[in-house]
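The values are calculated or read from the model by the stated rules, or taken from the named source; none is laboratory data. Just so we're clear, the structure is a prediction, and the values are computed from it rather than from any experiment. Every residue, glycine among them, receives a Cβ derived from its backbone with ideal geometry; neighbour counts consider all protein chains shown.
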Amino acid sequence: MLRRLITGAALLAAVLTTAGPASAADTPLRDLAEARGVYLGSAVTAGRLTGGYADVAGAQFGSLTPGNEMKWDSVEPTRGTHDWTGADRVVAFAEAHGQRVRGHTLVWHSQLPGWLTGGSWTAAQLRTLMTDHVTAEAGRYKGRIDHWDVVNEPLAEDGTLRPSLWGAALGESYIADAFRAARAADPAAKLYLNDYSTDAVGAKSDGMYALVKRLLAQGVPVDGVGFQAHLVLGQVPASLEANLRRFAELGVDVAITELDIRTTLPATAAKLAQQKADYASVLRACLAVTRCAGVTVWGFTDSDSWIPDFFPGQGAATPYDENLQPKPAYAGIAETLAPATPPTPGVCSVTYAVTSQWTGGFTAQVTLRNTGTTPLNGWTVRWTQPAGQRVTQAWNATVTQTAAEVTATHLAYNAALPAAGSTAFGFNGTWTGTNPPPDLTCTPGT
Ligand code: 9MR
């Protein structure tokens, strides 16, 4: 898959040389993500893009989403009068920091301007208002938006069409019209359908699945499906990965678009540890599905999260605390995105010990250890006997001796040596003069 190949090769090499948690902690999330072929994004608030907030937003994320500034009530508060200030600011900031933009959102039932919700419109008028809006907004940012959430939250909880302003007046056809208008206005943008509570396999995601299938069958230009993932601590759906995969198998990209993981306050160390594990498992699900484009967190700091306002008594849902300090969740993301430590082939190391010695005779034990990270299948130990030594009897290995050259090979039952595993064989021998330890070499195989 192409996205798997677009990896910052230099960066990957840099990370690999110092692989492990320490490098994951030091490398910005955006770089770790890029090296894994995904983006790691965040929703941001335009008015806060200064100081420490801007520093973190610019340094850590490869994609930004305006949390509110591209919504219809923000960009056209008065009919016919556009205000692009906040949206422009986020797009300019992203461009200045080499970031992508997920545009959010063109058609939604919420955060609509009062003149629109308060008006009385025929279905035909509504359709034209909607497509004109899509054309205006997607057209303004043509070529500068990576993904557009073209239609947001089209479904009711049971997976049927939400009876919104759009759904009630226009039926499902408004979705196709919105996507076609968006494609015409910005052909380069990937066009997404986005919803919440569709993360697990269930009635609502079944509805989304069927909807995407119908739209694709009609030739509607749906490129991707967004899964918001507003999750509750300890409740990452077990079916998340399978759910992403079934959509990907329809031939669309998938993305986690609004990830946050809320908890009841106060957030104890135990809760934050659970949250770390939860963030990691969401990231793992995306990494496991080739068509998962990336993960966006819905606000990167607890001081910029919608949760406390909407769920009284809950919060602490993002990877940074209120003071812009990374929480365990940050490490959970970083460690999951860090390159896997490359396997080192099985390595056989060997030690020799004389366990007893008497006049003319001795017993030795040879211990083998696999110090690699992959199993060893078979081993051979060789050494040269110092003058006067001779093996007379051996166990747990086949030992042969030609003049002073000794070879010991595994038996069937101790051939396999798992990573970090060890085994031993022994022998009795004769000696004269001194009885120094020989130099042993151990090689994999026979
Ligand atoms: O984060 C947004 C918050 O600031 C707004 O008050 C809220 C109003 O509905 O919308 C929030 O973002 C929503 C997003 O646009 C769509 N999915 C649900 C998000 C959380 O409500």
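Descriptive notes on the structure:
- Filtered residue count, the stretch 149-160, keeping only those that are surrounded by 18 or more Cβ atoms within 10 Å (Cβ to Cβ) and away from the ligand (no atom under 16 Å from the Cβ): 1
- Strands (runs of 3 or more DSSP E) (entirely within the stretch 347-415) containing at least 2 residues that are over 14 Å from Leu440 (Cα atoms): 348-358, 361-370, 390-395, 398-402
- Residue pairs whose Cβ atoms lie under 7 Å apart, separated by 6 or more positions or on different chains, with the first residue in the stretch 201-230 and on the phi > 0 side of the Ramachandran plot and the second modelled with pLDDT of 95 or more, are Ala229/Asp199; Ala229/Ile256; Ala229/Glu258; Ala229/Leu259; Ala229/Val282.
- Checking each residue in the stretch 325-346 for being outside any loop (DSSP other than H, G, I, E, B) and of a type in the set (Val, Ile, Thr) picks out Ile333, Thr336.
- Matching residues, the stretch 171-205, being more than 16 Å from the ligand (Cβ to nearest atom), farther than 29 Å from Gly143 by Cα and over 21 Å from the mean Cα position of the chain (by Cα): Gly171, Gly202, Ala203
- All positions within the stretch 89-126 that are among the aromatic types (Phe, Trp, Tyr) and either more than 13 Å from the ligand (Cβ to nearest atom) or exposed (fewer than 13 other Cβ atoms within 10 Å of the Cβ) (or both): Phe93, Trp115, Trp121
- So Ala35, is it out of contact with any Leu (no Cβ under 7 Å at 6 or more places or on another chain) and either hydroxyl-bearing (Ser, Thr, Tyr) or surrounded by fewer than 24 Cβ atoms within 10 Å (Cβ to Cβ) (or both): no
- Hey, Val212 more than 16 Å from the ligand (Cβ to nearest atom) and touching a helix residue (DSSP H, G or I) at 6+ places or on another chain (Cβ under 7 Å) or not: yes
- Test: residue in the stretch 248-268 that is at positive phi, within 16 Å of the ligand (Cβ to nearest atom) and in contact with an Asp or Glu (Cβ under 8 Å, 6 or more places away or on another chain): no
- Scope the stretch 58-88; condition in a helix (DSSP H, G or I), more than 15 Å from the ligand (Cβ to nearest atom) and out of contact with any helix residue (DSSP H, G or I) (no Cβ under 6 Å at 6 or more places or on another chain); matching residues: Gly58, Ala59, Thr85, Asp88
- Asp146 within 26 Å of the chain's Cα centre (by Cα), at negative phi, surrounded by fewer than 19 Cβ atoms within 10 Å (Cβ to Cβ) and not β-branched (Val, Ile, Thr): no
- Per the listing Gln99, Gln111, the residue uniquely polar (S, T, N, Q) and in contact with an Asp or Glu (Cβ under 7 Å, 6 or more places away or on another chain) is Gln111.
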